[in-house]
Structure formats: structure tokens, C-alpha cells
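Values quoted throughout were computed directly from the atomic coordinates according to the rules given, and no laboratory measurement underlies them. It should be emphasised that the depicted structure is a prediction, and the values quoted were computed from it without experimental measurement. Glycine also receives a Cβ, built like all others from the backbone with ideal geometry; neighbour counts cover every protein chain displayed.
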């Protein structure tokens, strides 16, 4: 009986010690704690293998403590972030083979002391990017970049009519019970330390293989690669009809652009918008008219925009699945947007 009492008292002491540590050192009353948000996009470590031509590249895809792709970083050192969907995240390639990786290499080669940080989230459209400014970025203390670069269009032209931002890119778990669990986990000091330790030291995992060679071989068998260049599309299309057919889509898209510009301004930062294409170029009328409307809107509002859709002359080796680019495609895109991007950086 005495043993049971001692055991019970010790258990009680441990319980109160646990609660005390949680209350004192945890994040239960921290207004900047992310709570249930970004649980799917923080402290991730996945092991991948890329087969591309004669090489196999084994690499680790990481998202750091704050949710950005890459290694840990001091938030006050972030000067520029690039925001987009999976075509920015590019988890299917090592960092060096991404658009951001190639851009950062160019900046470094020209001794420009600015690194672009990857804030891409798979599946996000401009609706999700707006949500980032509402629930993600405001929670990051000392996060004050000078530039927000938006690489946009593809996810917007296929976006549903829903206005539910929380489900755009899975920033918030749609399950209420999971949101409660995520909230508790993010506020617990013990769970936070456990995740940090695992994220730092865990170096084993089943590798997911991306075989670009298989995709490229399929592309080679195609008798003809159909890519419609911007100059040909302008001659081919009835612009008025396409605008009328997609009036609502265009209106919502441009409203989102204005909101993103406004969010960047409120943070004393510059917004830079870049449009994008899939492997069939401008054949997709919805994407074409969004790209066209963005540049027209930018000229009218004097926003900073880069018209990649007008510049890019696509080749079949630039894409491995129709939407996502190979290293060659990412390099080409970086080559095309870098001169204008550098001018924006110099001007500001």
C-alpha cells in the first residue's frame, strides 16, 4: 500500500512538473504560434531519387521550421521569397535544378547579395497565396522581405469556383479533429523539441523515385511536339471572344492579383508577378487569357510583371509531365526571367 502511495505521489509530481514546463516554455499563449496552420509544410524531410539522362541524383527534400523549402534560416535575413504552387516548390528535383536554384546561382555569380527563398506550396493558386499572408507570414517574427515574387497562372486556370482559402494547398487540415490535434502539437514544447530533433538528425527513409528518363522517352516517341507560341496565338485567337467566355475567371484572377500587391505593399515590399505555361504553350485558352490579362493589368496598374508566356519557345525536353519542368526546362525559364528580375532588383 505504501509503495502504491509513493508511486502515485511521484506520478502526481511528474504530471504537475510536465504541465508546469508546458505552460512556462510551451507556446500555449503565444499569439504568433502557427497553431493548426502549415502542419503539412513544416519540418518535412523526404528522401528522393531523380533519374535524369545518365545520372541518378539522391537528395533530401526539406522544409524548415518556418515552412520554407531548404535549410534553417534566420527570418530577418530573408530578402526575397518566391511564391507559387508545385512549379515553384519543385520537390521532384534537387534544389540546384529548380528555377529558384538557377536564379540564385545567377545572382551569386554576379555578386548580388540576395538569395531567393522557396515558399512554394503544391496545389496553391492565388487564392492560397492570399491565405499565406493571412495565416502564415504574419506569424513569422522578424520576417520582413523586400520582394515577393509570384509565379502564377497554371493553378488558377484550373481552379474551382470555391472561395475556401483554407483548403487551397492544404495549409489547414479540413478535418476538425485533425486541426485540434495539429493545434495541440504545435503548441507543445515537448512535441516541438521532438520534431526538431527528428528533423535535424533523422537521415533514413524510403526513397521515392522520379524517373524523368521514362517520361522523356515517351516524349521522344511523339511524332510532333505541339507548342503554340505567343506570337502565333495572338494571330490565331479572337481575343474578344476568349475574354467574354472567361469573364468571371479573369475578374477573380485580377482581383486576387490586386490583393497580393496590396499585401506586399503593407509589408513595405515589392511584388513581382510572373506568368507561366504548360507544355502545349498557348493552346490552352484559359491559361492564355489569364497570362494575357495579367500583363495588360500590370501595365495599367504599373505593377512589376514579367511576361514569360510571351518569351518562352517550348521544347518537349522542358517538361516531364506536361506541367512540371525538367532541369533543362527550369534552367530555360530562369534564363528568360533573370534579366528583367535583375532590373527590378536594381531599380528598387
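At-a-glance table
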item	result
Cα centroid separation - the range 22-84 against the range 266-324, whole Å	26
Gyration tensor over alpha-carbon atoms, the range 251-348, equivalent ellipsoid semi-axes in Å	25, 17, 11
Angle in degrees between helix 2-25 and the longest Cα principal axis of the chain, rounded to the nearest 10	40
Gain in span if fully extended, residue 255 to residue 5, counting 0.36 nm per residue against the direct Cα distance	83.4 nm
Computed label-point distance, nm, for sites residue 142 and residue 71 using a 7 Å Cα→Cβ extension	1.7
Gain upon complete extension [residue 347, residue 243; 0.36 nm per residue less C-alpha separation]	34.1 nm
The chain, helix-only ellipticity at 222 nm - DSSP H runs n ≥ 4, -39,500 (n - 2.57), divided by all residues, nearest 500	-14000 deg cm²/dmol
Mean separation of Cα contacts under 8 Å, 6 or more apart, over the residue count of the range 28-118: relative contact order %	23
Folded to 0 to 90 degrees: helix 99-109 orientation relative to the chain principal axis, Cα	90
Inter-probe distance in nm under a simple model that places probes 7 Å from Cα toward Cβ, at residue 24 and residue 45	2.9
Inter-label distance for residue 57 and residue 185, nm, one decimal - labels placed 7 Å from Cα along Cα-to-Cβ	3.0
Theoretical gain in end-to-end length, residue 234 to residue 14 [0.36 nm per residue, Cα-Cα removed]	72.0 nm
